Structures are given as C-alpha cells and as structure tokens.
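Below is one structure, written out as structure tokens, with a few remarks after it.
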Amino acid sequence: MANNNQSSHFSTLIGEGTTIKGDLSFQGEMIVQGKIEGSITSKSDKDNLIISESGSVIGTVKAGNLNISGSIEGDTSSSGKIEVTSQARINGNINYVNIEMEAGSQVNGKLIYQGGDVTPMINKKVEKDGK
C-alpha cells in the first residue's frame, strides 16, 4: 500500500562502480559515488549534491549546495554553500557565494565570488611614530 505521507525530498544515488556518460539534472539530493562524464545541474537553489571520496565528475557542476570529497574536472558553481573536504581534488574554477575548505583540499583554478559587491582592499600607508 502506498504511503500518502511520502516526502517530496528524495535522494538519488550513483553507486560506486557505475559510470554515466551524459548530462544529468536532479532535484532534492544526489550522491555521487561513481563516475559521471557530463554536466550535473540541480533544479533549485535548495538542492544538494554530494560527491563522495570515490566519486568523480568530468564536466561542469551547478547545484544549490555542494559537498565535495571526490574529484571534479570542470567548472563548479553554487548559489548556496560549497563544502570542500581535505580529500577533494578540483581542476576548474569555483563560482561561489559561501565556501568552506578544509586543509589538504586541492583546487587548481580560480575562486570567483558571486555574492554581490566586494569590499575593496584599502591600501593605507602605515605611519610610524604618529607621523
């Protein structure tokens, strides 16, 4: 008998040992333990993408929230939070609003802030002895 109280939030699992060639779109939460050769795009800003330590993506990644422990070969963007663990290996630019990176993570690319106005660095000459 079907449960009428089913949650609209569900998880999609790409298991270890699985390879998918082609672009993917998902809603809710997706966990990648296998390999994806193609782009991944979430349908909303509330969606979560988890790339586990055994997971890898060759292509662009766009998701509401990201947790990266595996590898990505391509540009990444998130409208929410990106968590990069110490095991993560990323070759590509990261477009972010909120990012947390653990020591030991490797990013070969640019970190590009997407959150609006950036406060400029003010170069002030430090005066010695009050002069």
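Of the residues that make up segment 70-79, is at least one open to solvent by 60 Å² or more (accessible area, probe 1.4 Å) and more than 23 Å from GLN27 (Cα to Cα)? No, segment 70-79 has no match at all.
Take the residues in segment 52-69 that are surrounded by 24 or more Cβ atoms within 10 Å (Cβ to Cβ) and over 11 Å from GLU29 (Cα atoms); name whichever of them is farthest from the chain's Cα centre (by Cα). Among them, the one singled out is VAL57. Just for segment 86-115: of the residues that are within 24 Å of LYS43 (Cα to Cα), polar (S, T, N, Q) and part of a loop (DSSP other than H, G, I, E, B), which one is least open to solvent (accessible area, probe 1.4 Å)? Only one residue fits best here, namely ASN93.
Within segment 20-31, the only residue that satisfies the criterion of being on the phi > 0 side of the Ramachandran plot and open to solvent by less than 20 Å² (accessible area, probe 1.4 Å) is GLY28. Within segment 32-43, restricting attention to residues that are open to solvent by less than 40 Å² (accessible area, probe 1.4 Å) and assigned to a strand (DSSP E or B), the residue that is farthest from ALA63 (Cα to Cα) is ILE36.
The values are calculated or read from the model by the stated rules, or taken from the named source; none is laboratory data. Since this is a predicted model, take the numbers as computed values, not measurements. In this analysis, Cβ positions are derived from the backbone assuming ideal geometry, glycine residues included, and neighbour counts consider all displayed protein chains. The accessibility values were calculated without ligands, DNA or RNA, using every heavy atom of the protein model including side chains. Shrake-Rupley method; radii C 1.70, N 1.55, O 1.52, S 1.80 Å.
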